[in-house]
Structures are given as structure tokens and as C-alpha cells.
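Novice: Quick one: this structure, given as C-alpha cells, is what I'll be asking you about.
The numbers here are math on the coordinates, done by the rules we state, and not lab data. This one's a predicted model, so the numbers in the text were calculated from it and none came from an experiment. Virtual Cβ from ideal backbone geometry, glycine too; neighbours counted across all protein chains shown.
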Amino acid sequence: MKKQFLNANIIAKDNKKKQVFFFTQNWVEIDKSDFHFNMKKIKEHVAKDTKVMIVMKANAYGHGGIILAKEAQKAGVYCIAVSSIEEGIQLRESGIKNNVLILGNIYPFENLNVALVHSLIPTVSTMTEISVLEHLSTKLNKKINFHLQIDTGMGRIGAMPEVSYSILRKIAQSTRINMEGMYTHFSVADTDPIFTQSQFEIFSKIIKFARANLKLKFVAHAANSATLFKNTSFHLDMVRVGLSIYGLTPFKYIDRFLKLKPVLSWKTKISFLNRVPSGFCVSYGRTFVTNKASVIATIPVGYADGYNRLLSNRCNVLVHGKRCPVIGKITMDMTMIDVTNVKGVTLGDEVVLIGSQGKEQIKVDELAKIQNTINYEITCTISPRIPRIIV
């Protein structure tokens, strides 16, 4: 029996294309042209001298961190941000030469040495971390770059504003460490402009103190995807672009500001077809019963792939450009769909979970609304076991 498989070109470490085969009929497509389109639009939206940092934590929001980091490097971005040392090391081992900032705090503090050995830029928030960096500077015999995070209202990590002044004084007195950047993070940029403005004003006051009083030179950054479009005064020296670079919307009506393109599509193929009578039960719990003779297709996608059980009996997929309902409970590795109304449906037909087919489209936001969550949780939870391919 002939095995069916897909093949795709990916970029190997030597920057030469090699053919890679996989046998699963469940894959994610990453459109690099749409990624570069979004990058171009974002660069046009900010001032010419404003730097761009692309946030690629959590496997680039589920899109494939290494794949897109290489595209970001081609686009000449100033910096790539990740959440952990492990993510940073993966980029370095894949040949990424860009500045790489670790957004998460590093603990135990001894692990700062690991970050520095791999030329990763740590985020620090305390006097203790500053002291550790000074010690490591002496040990490694080199000046160490870092970013200082200020907590202006996120309540996650960062130096409290009243403490930041003494930390900045210590930084200014040191000759062994260099505060390359200072930043804060907005907690309600998409919903509360008043609180966001208050966060920005607190941060601006600290920036002014560091530059005017202590003569420190650094890159200040605060704007995430939401404030990138809503308030250009928040851009400062650099913007941090996360979900918008992937064509995901940070708030409703973003098209009024900028038209972006979704970078990710999620596809599979029909692996089994069954003609069943009226009154036939589908999947665990018998939550779906046919009310007429039907054609049921099984696709090799389940909640272990990140296709959430909350979508059971509530969402659609695309087959032959038509919406087909998901029926019954989504299982670990398989999902059933009703293709009764699709003419000519056959084994191996392509099924779109996220993306376009014909004139129809399943948006990430559609699935997020059903699950009562945010759009980028949907992409972040697509399992790493699913191949990501560049198209």
C-alpha cells in the first residue's frame, strides 16, 4: 500500500534548502510573504528612526519561532524578544545573530551567566540582579548589556516606580554594566486608555530622570501591538510588535488603522469517510445524533493538537470551500465533521481549520470567541507535534 505524505522545503542550518518529509495529514502553513507584508506595514506606521522589536516567545505565538526568526533577521529588525533562556538558545543554535532580549525574569540569578554565555540580553528588575551582573562582568571580563523593566501597573515583574530611582543611581555609578534598554508593559492597552496613559506618564517621568539627572543613554520602549496603532506618542525609541506581526488583531476595528494579513493557516485531510443512517450517534458522550442519513468525515486532529474540546459541536471547518460543522466531542487525536452537503467529497480532501478556502474563511478570532478567550491563545496552543511549513 502506498503511504501518503506531504513534503515541504525548509531552511537548514547551512542556509541551503533541503526536502523534509512527514507522514501526518495535519499541518500548519506559515506564509512568509504575509509576514514580510505585515513587517513592511508596521515599519511604515512608525517613525523612520523608531526601532522595531519582534516578540517571538512561545514558538512565535505558535507560528514557528525558528522559521520566522530567520525571516525577521532578513527583514533587519533591531531585536527579537523571547520569554526564556531556552528559547534564546534555540535561536542562537539556529544561526540567529540579532539582539535577543529575554522578557521573562531569570531565576535563580546564577542562570544569568547562562544567558550571557549565549549572548542573550537579560531583563532585570532588582538591586540583587544588578549586583549579580556586576560580579559576572568581572568574571567574564566584559561589559554586560541588559534591559531594566519598570512595573507601572502590570503587576507581574519589574521594579516598582519608587524603587527604580535608587536602582538607576546604582546603574549610573557602575562602569561594568550597561543599561541598553528600559521598558514597561501596559496591562489594559486594548480596553482602558486612561489607565494606559497613567502608566505611560509614570514611565516617562522615570525616563526623564534617568536621562536628565543621571545622563544614561538607552533605548526606551513601551508600545505593544495595541498602543502601536492607537497612540503614536507611546512609540518612544522602539516598539514591541507581538501578535500584529502575525496578522492577529489586538482590538476590534484595527482595519481602520492598518490592514494586516494572517500569517498562519491550519490544515488537515479527510482520513476516513462513513455513510450513516438517521439516529446515528457520533463520538464520546453521544452529544450528537444525526437527524437524517449523513456522510461523516474523520480528520486526524484533536485536543492533543490544540484543537480545543470547547469547539465540540460549536465550530466549522472548510471542505471544498464550504463550511462544515464539527459534530460530537473532539477527541484526543481525531475530530468528526458533517460533510453531507459537500458534493464530490472524497478521502484525502483538504480540510481547513484556520485559514481560507475558496471564498470562505475561518479566522482565529472566530475560534477564540467560541472558547471565550483571546486570539493568540488559539495559535499558542497549537501543539509542537504539528509540522510548521513555510509557503
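Novice: Just to be sure, is Thr152 in contact (Cβ under 8 Å) with a residue 12 or more places away in the chain, part of a loop (DSSP other than H, G, I, E, B), under 23 Å from Val55 (Cα atoms) and in contact with a helix residue (DSSP H, G or I) (Cβ under 6 Å, 6 or more places away or on another chain)? Lay out the reasoning, then the answer.
Specialist: On the way: in contact (Cβ under 8 Å) with a residue 12 or more places away in the chain: yes; part of a loop (DSSP other than H, G, I, E, B): yes; under 23 Å from Val55 (Cα atoms): yes; in contact with a helix residue (DSSP H, G or I) (Cβ under 6 Å, 6 or more places away or on another chain): yes.
Judged against the criteria, Thr152 is a match.
Novice: Would you tally the residues in region 28-83 being of a type in the set (Gly, Ala, Ser) and assigned to a helix (DSSP H, G or I)? Step through it out loud before you land on a result.
Specialist: So in region 28-83, the residues of a type in the set (Gly, Ala, Ser) come out as 33, 47, 58, 60, 62, 64-65, 69, 72, 75-76, 81, 83.
Filter once more, keeping what is assigned to a helix (DSSP H, G or I): 33, 58, 60, 65, 69, 72, 75.
So the count comes out to 7.
Novice: On the basis of being surrounded by fewer than 17 Cβ atoms within 10 Å (Cβ to Cβ) and either among the aromatic types (Phe, Trp, Tyr) or over 30 Å from Asn316 (Cα atoms) (or both), does Lys261 make the cut?
Specialist: Details: surrounded by fewer than 17 Cβ atoms within 10 Å (Cβ to Cβ): yes; either among the aromatic types (Phe, Trp, Tyr) or over 30 Å from Asn316 (Cα atoms) (or both): no.
When the stated conditions are applied, Lys261 does not pass them.
Novice: Go through Gly247, Gly285, Gly279 for me and flag whichever is without any contact (Cβ under 8 Å) to a residue 40 or more places away in the chain and farther than 18 Å from Met182 by Cα. Don't jump to the end; show me each part of the working.
Specialist: Working: Gly247 fails: without any contact (Cβ under 8 Å) to a residue 40 or more places away in the chain; Gly285 fails: without any contact (Cβ under 8 Å) to a residue 40 or more places away in the chain.
Every option except Gly279 fails the conditions.
Novice: Could you grab me the full set of residues in region 335-391 that are of a type in the set (Val, Ile, Thr), outside any strand (DSSP E or B) and more than 13 Å from Tyr307 (Cβ to Cβ)?
Specialist: Let us first name the residues in region 335-391 that are of a type in the set (Val, Ile, Thr), namely 335, 337, 339-340, 342, 345-346, 351-352, 354, 362, 364, 370, 373-374, 378-379, 381-382, 386, 389-391.
Going one step further and asking which of them are outside any strand (DSSP E or B), we end up with 339-340, 342, 345-346, 364, 370, 373-374, 378-379, 381-382, 386, 391.
Within region 335-391, Val339, Thr340, Val342, Val345, Thr346, Thr373, Ile374, Val391 qualify.
Novice: Can you name every residue in region 360-391 that is closer than 14 Å to Ile67 by Cβ and either in contact with a Gly (Cβ under 6 Å, 6 or more places away or on another chain) or among the acidic types (Asp, Glu) (or both)?
Specialist: Step one: filter region 360-391 for residues closer than 14 Å to Ile67 by Cβ, giving 379, 382, 384, 386-391.
Scanning region 360-391 gives Thr379, Ile382, Arg388.
Novice: Just checking, how many residues over region 112-129 are touching a strand residue (DSSP E or B) at 6+ places or on another chain (Cβ under 8 Å), over 15 Å from Val82 (Cα atoms) and surrounded by fewer than 19 Cβ atoms within 10 Å (Cβ to Cβ)?
Specialist: Adding up the residues that qualify gives 1.
Novice: Among the strands (runs of 3 or more DSSP E) lying completely within region 217-332, list those that include at least 1 residues that are of a type in the set (Gly, Ala, Ser).
Specialist: Numbers: elements: 219-221, 238-241, 264-269, 272-276, 294-299, 316-319, 322-327.
In region 217-332, 219-221, 264-269, 294-299 are the strands (runs of 3 or more DSSP E) which contain 1 or more residues that are of a type in the set (Gly, Ala, Ser).
Novice: Of the numbered conditions (1) out of contact with any helix residue (DSSP H, G or I) (no Cβ under 7 Å at 6 or more places or on another chain); (2) of a type outside the set (Ser, Thr, Tyr); (3) surrounded by 19 or more Cβ atoms within 10 Å (Cβ to Cβ), His63 satisfies every one except a single condition; which is it?
Specialist: The number of the failed condition is (1).
Novice: May I pose another question? So which residues in region 183-215 are closer than 23 Å to Asn105 by Cα, of a type outside the set (Ser, Thr, Tyr) and part of a helix (DSSP H, G or I), if there are any at all?
Specialist: Gln199, Phe200, Ile202, Phe203, Ile206, Ile207, Ala210
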